[in-house]
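A.B. asks: Here it is, the structure, as structure tokens.
The values are calculated or read from the model by the stated rules, or taken from the named source; none is laboratory data. Keep in mind it's a predicted model, so treat the numbers as computed, not measured. Heads up, the Cβs are rebuilt from the backbone with ideal geometry, glycines too, and the neighbour counts pull from every protein chain shown. Accessible surface areas use protein heavy atoms only, side chains included; no ligands, DNA or RNA. Shrake-Rupley method; radii C 1.70, N 1.55, O 1.52, S 1.80 Å.
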Amino acid sequence: MPAKSRFTRLDAFTKTVEDARVRTTSGGVVTIASLLVIIWLVWGEWAEYRQVVVRPELVVDKGRGEKMEIHMNITFPRMPCELLTLDVMDVSGEIQSGVMHGVNKVRLASESEGSHAIETKALELHADDAVHLDPEYCGGCYGAPAPANARKPNCCNTCDEVRDAYAGISWSFGRGEGVEQCEREHYAEHLDEQRREGCRIEGGIQVNKVIGNFHFAPGKSFSNGNMHVHDLENYFKDEVEHSFTHTIHSLRFGPQLPDSVIERMATRGAASGAGAWTNHHINPLDGTEQKTDVKAFNFMYFIKVVSTAYLPLGWEKETSAASKRDDIFNAGFEAGYKGSIETHQYSVTSHKRSLLGGPDDQGGHKERIHARGGIPGVFFSYDISPMKVINREARNKSFSGFLVGVCAVVGGTLTVAAAVDRALYEGVQRVKKLHQG
């Protein structure tokens, strides 16, 4: 049998001769309508194929030995910078007392004067190295052993070194009366000058990515056995009513994200039904304000930090650029950045109490009894979640899915159009027969 006849028997698309075909006006209308419907539906398939959605994934965070950035901008309108101390500690045993690297202290005028900025100082360790003194000078430590961080061994040449020496053996320091180094640096005069001022802490610190806390408290900090304590003498003896009223302008864990990146994440997240990812979603403490008129009062924030990654389309091409940024502390992402973004989001609960103890009448919970004692200040305890959230950008459907959709649109529309055309034709023929009969 010839090859032509074999394929002819397999033809599933039988044809009719031209003379047997009937063309009608209704058929032309149905054809035009079906073409318009096909174009509209194919355009919808194309738009769906081009749509980028965000697909969240939850995985175990397998990172080890990582560092984490904490960036803050917090105002204390009733707390002078000279008394305010920032300490960081974690469960690995690392303690950063009196943190000053990467942090600015901004002196603020009193609340009655509008709390405007007076002076911004990027503090560094050993800001006063006493280089103006005789090279042979060796200041006394007034009965305390010289601190390990003294610039000159077995000497206390600055007021800070005398304070460190006292803190090392848990002695209260006070205003430094009778201490030569402090009188030379006018330490007591600085306290008096700033006693009605406020302070704003801004900047960033880098910590181990383990459970820990950082806190703002008055006075020099030191360790007494297993206890972390502060020298509170100047805070409580000062006649000015200091307090830890504060405003958290911003607090974030991880690098700053540009507005364009947040807007893109919010738009595509909403389109995918995953929910818009806003700046408040990442940093819920931004804009928080707490007030108190009590000196012996502390605020505690308990934070659960979740590692979060955002992988836009084509992020693999930007990996090399991202790796360069990882080595730079306090470096944000540029506005046009399209690589992978590693940051953190967090949830938070808060608690506040008077250190004098007693029932919580002010908070409206008379049945709650506060414990007595503690350190006044603002404390942030953070815990690291073992899970990691990955928000991955992806096409809503694959190209093969788009082709399948187009075929379904064309085939389905033509099938329905053929049925409609057949129904119209049969209807017209029946009407004609009724009129003729």
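A.B. asks: Write out, first by first residue and then by second, each pair whose Cβ atoms fall under 8 Å of each other, whose residues are 6+ apart or on separate chains, and whose first residue, in region 31-47, is closer than 14 Å to residue 401 by Cα while the second is assigned to a helix (DSSP H, G or I).
C.D. replies: Going by the 8 Å Cβ cut-off, the qualifying pairs are 42/406; 42/409; 42/410; 45/402; 45/405; 45/406; 45/409; 46/402.
A.B. asks: Would you pick out the residues in region 178-203 that are over 16 Å from residue 239 (Cα atoms) and open to solvent by less than 20 Å² (accessible area, probe 1.4 Å)?
C.D. replies: 179, 181, 182, 187, 199, 201
A.B. asks: So, in region 83-101, exactly how many residues are modelled with pLDDT of 65 or more and surrounded by fewer than 16 Cβ atoms within 10 Å (Cβ to Cβ)?
C.D. replies: 5
A.B. asks: Can you pull out every residue in region 215-240 that is modelled with pLDDT of 70 or more and either over 21 Å from residue 84 (Cα atoms) or part of a loop (DSSP other than H, G, I, E, B) (or both)?
C.D. replies: Passing the criteria: 219, 220, 231, 232, 238, 239, 240.
A.B. asks: Mind checking which residues of region 144-177 are open to solvent by less than 70 Å² (accessible area, probe 1.4 Å), farther than 19 Å from residue 221 by Cα and not polar (S, T, N, Q)?
C.D. replies: Answer for region 144-177, where residues must be open to solvent by less than 70 Å² (accessible area, probe 1.4 Å), farther than 19 Å from residue 221 by Cα and not polar (S, T, N, Q): 152, 155.
A.B. asks: Given the residues 333, 380, 329, which is the only one that is open to solvent by less than 50 Å² (accessible area, probe 1.4 Å), in contact with a strand residue (DSSP E or B) (Cβ under 9 Å, 6 or more places away or on another chain) and at pLDDT below 70?
C.D. replies: Result of the check over 333, 380, 329: 333.
A.B. asks: Pick out the one residue from 422, 353 that is surrounded by 12 or more Cβ atoms within 10 Å (Cβ to Cβ), charged (D, E, K, R), closer than 30 Å to residue 234 by Cβ and at pLDDT below 90.
C.D. replies: On the way: 422 fails: closer than 30 Å to residue 234 by Cβ.
Being surrounded by 12 or more Cβ atoms within 10 Å (Cβ to Cβ), charged (D, E, K, R), closer than 30 Å to residue 234 by Cβ and at pLDDT below 90 holds for just one of 422, 353, which is 353.
A.B. asks: Could you tell me how many of the residues in region 208-234 are without any contact (Cβ under 8 Å) to a residue 40 or more places away in the chain and either over 33 Å from the mean Cα position of the chain (by Cα) or buried (at least 21 other Cβ atoms within 10 Å of the Cβ) (or both)?
C.D. replies: Looking only at that region, the number is 1.
A.B. asks: Can you tell me which residue in region 163-207 is nearest to residue 72 (Cα to Cα), limited to those that are in a loop (DSSP other than H, G, I, E, B) and touching a residue at least 60 places away in the same chain (Cβ under 8 Å)? If you could, list the steps in order and put the result at the bottom.
C.D. replies: As a first pass, look at region 163-207 and keep what is in a loop (DSSP other than H, G, I, E, B): 169-179, 185-186, 195-197.
This time we only want the ones that are touching a residue at least 60 places away in the same chain (Cβ under 8 Å), so: 172-174, 195-197.
Details: 172: 30, 173: 29, 174: 29, 195: 24, 196: 23, 197: 20 Å.
Out of the qualifying residues, it is 197.
A.B. asks: Just checking, does region 59-75 include any residue being modelled with pLDDT under 80, buried (at least 16 other Cβ atoms within 10 Å of the Cβ), of a type in the set (A, V, I, L, M, F, W, C) and touching a strand residue (DSSP E or B) at 6+ places or on another chain (Cβ under 9 Å)?
C.D. replies: no
A.B. asks: Answer with yes or no whether residue 243 is within 26 Å of residue 80 (Cα to Cα), among the small types (Gly, Ala, Ser), part of a loop (DSSP other than H, G, I, E, B) and open to solvent by 20 Å² or more (accessible area, probe 1.4 Å).
C.D. replies: The answer is no for residue 243.
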